[in-house]
Amino acid sequence: MAISNRIKGFLNSMNSSAKQARLGTVVQSLQNSVANNLTSKFTVVAAEDAATMSQDENVAGLSSCITLANELRTDYNDHCADALEHTTAVDNVNVVTAAAASDLTTLIALVSDLLTQYDAHDADAEGAGPTYHKAQEAGDASLASAVAPTNLAECITRLNDMKAKFNTHDADNTAHGVGSNYQIAAADGAFGAANLVSVSGAVTGDIISWSILDSGTGTVTGVSAVAGSGVVTFTFSANPQDDAIISYIVVRAVV
């Protein structure tokens, strides 16, 4: 308050043009002081002026698909190897060999293998003289598509369809000795409201300021942003899909 009053008194003693020039000098000096003070307390880690969200970064989408794909991998292989189910002969040909999924790359590889192997196994049950099944299936358990996925959205579509079709196939006691021994219990794959974005240099505890430049198809709003090791989790009011655009800056306190 004392500084403010001194500035006012000094400016009141000056003519209009001099007052305006002096005021500009004072404002610039204050701005520089604030900037220097902030710079001494924080360092900029990363900044992005326009980052478009990708559904491949969706946290819940990836997590739910990994859980579902890994259960399908285990239960499908166990189903094929069960001699009580396949009374003609166990199916040791159409076996999934892809590793369990742990990220998007391994998920795509696993889903691709699941589709190929299940499609061939189910085709055996569709014929009049099956090799592995005791009789032709009672209902249709064919996949909507066996084309390998290329992104997370396609993984969700393929996995949810395969879960439904495999459960139908497994429950068919016309084609199997018992039926329903390997039903998939995992929830369907589904997108959520958070995206995990790679941000080089970020660590847990960093401070993030961000804004939504374009709310996208989902008309999303921002909820939170939390830094981790090399990543930032941005949480929205709903799935940001592939077209929400944000800007952000990541800073770290100087110690």
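Restricting Ala51, Ala83 to residues that are out of contact with any His (no Cβ under 6 Å at 6 or more places or on another chain) and more than 17 Å from Gln241 (Cβ to Cβ) narrows the list to Ala83.
With respect to the conditions (1) under 24 Å from Ser63 (Cα atoms); (2) surrounded by 16 or more Cβ atoms within 10 Å (Cβ to Cβ); (3) in contact (Cβ under 8 Å) with a residue 24 or more places away in the chain, Ala187 falls short on a single one, namely (2).
The residue that is modelled with the lowest pLDDT, counting only those in the stretch 128-139 that are under 19 Å from Leu84 (Cα atoms) and loosely packed, with under 15 Cβ neighbours inside 10 Å, is Gly129.
Quick one: count up the residues across the stretch 56-102 that are over 33 Å from the mean Cα position of the chain (by Cα) and not aliphatic (A, V, I, L, M).
Number satisfying all stated conditions: 7.
Say whether the condition of being in a loop (DSSP other than H, G, I, E, B), surrounded by 19 or more Cβ atoms within 10 Å (Cβ to Cβ) and without any contact (Cβ under 8 Å) to a residue 40 or more places away in the chain is met by at least one residue in the stretch 74-91. Scanning the stretch 74-91 turns up no residue that is in a loop (DSSP other than H, G, I, E, B), surrounded by 19 or more Cβ atoms within 10 Å (Cβ to Cβ) and without any contact (Cβ under 8 Å) to a residue 40 or more places away in the chain.
Do the conditions hold for Ser200, that is, is it polar (S, T, N, Q), assigned to a loop (DSSP other than H, G, I, E, B) and either touching a residue at least 60 places away in the same chain (Cβ under 8 Å) or in contact with a Lys or Arg (Cβ under 8 Å, 6 or more places away or on another chain) (or both)? Here the answer is yes, as Ser200 does meet what is asked. Annotation: of all residues in the stretch 204-214 being without any contact (Cβ under 8 Å) to a residue 60 or more places away in the chain and either outside the structural domain of Ala244 (by TED's automatic domain parsing) or surrounded by fewer than 16 Cβ atoms within 10 Å (Cβ to Cβ) (or both), the one that is farthest from Phe42 (Cα to Cα) is Asp214.
Can you say whether Ala144 is out of contact with any Gly (no Cβ under 6 Å at 6 or more places or on another chain) and farther than 23 Å from Ala190 by Cα, as far as the supplied structure shows? No.
Give the residue, chosen from Ala125, Ala171, Ala144, that is without any contact (Cβ under 8 Å) to a residue 60 or more places away in the chain, surrounded by fewer than 22 Cβ atoms within 10 Å (Cβ to Cβ) and under 23 Å from Asn92 (Cα atoms). Before you say what the answer is, go through the steps one by one.
On the way: Ala125 fails: surrounded by fewer than 22 Cβ atoms within 10 Å (Cβ to Cβ); Ala144 fails: under 23 Å from Asn92 (Cα atoms).
It is Ala171.
Scanning the stretch 216-243 for residues that are in a strand (DSSP E or B) and either surrounded by 14 or more Cβ atoms within 10 Å (Cβ to Cβ) or touching a Pro at 6+ places or on another chain (Cβ under 8 Å) (or both) yields Gly222, Ala225, Val226, Ala227, Gly228, Val231, Val232, Thr233, Phe234, Thr235, Phe236.
Do we find that Leu213 is part of a strand (DSSP E or B), in contact with a strand residue (DSSP E or B) (Cβ under 9 Å, 6 or more places away or on another chain) and within 28 Å of Ala69 (Cα to Cα) in this structure? Explain how you work it out, then say what you get.
Working: part of a strand (DSSP E or B): yes; in contact with a strand residue (DSSP E or B) (Cβ under 9 Å, 6 or more places away or on another chain): yes; within 28 Å of Ala69 (Cα to Cα): no.
So Leu213 does not fit the description; no.
Pairs meeting the criteria (first residue in the stretch 39-61 and within 13 Å of Leu196 (Cα to Cα), second residue exposed (fewer than 12 other Cβ atoms within 10 Å of the Cβ), beta carbons under 9 Å, at least 6 apart or on different chains) are Glu57/Ser198.
The values are calculated or read from the model by the stated rules, or taken from the named source; none is laboratory data. This structure is a prediction, so every number in the text was calculated from the model and none was measured. Virtual Cβ from ideal backbone geometry, glycine too; neighbours counted across all protein chains shown.
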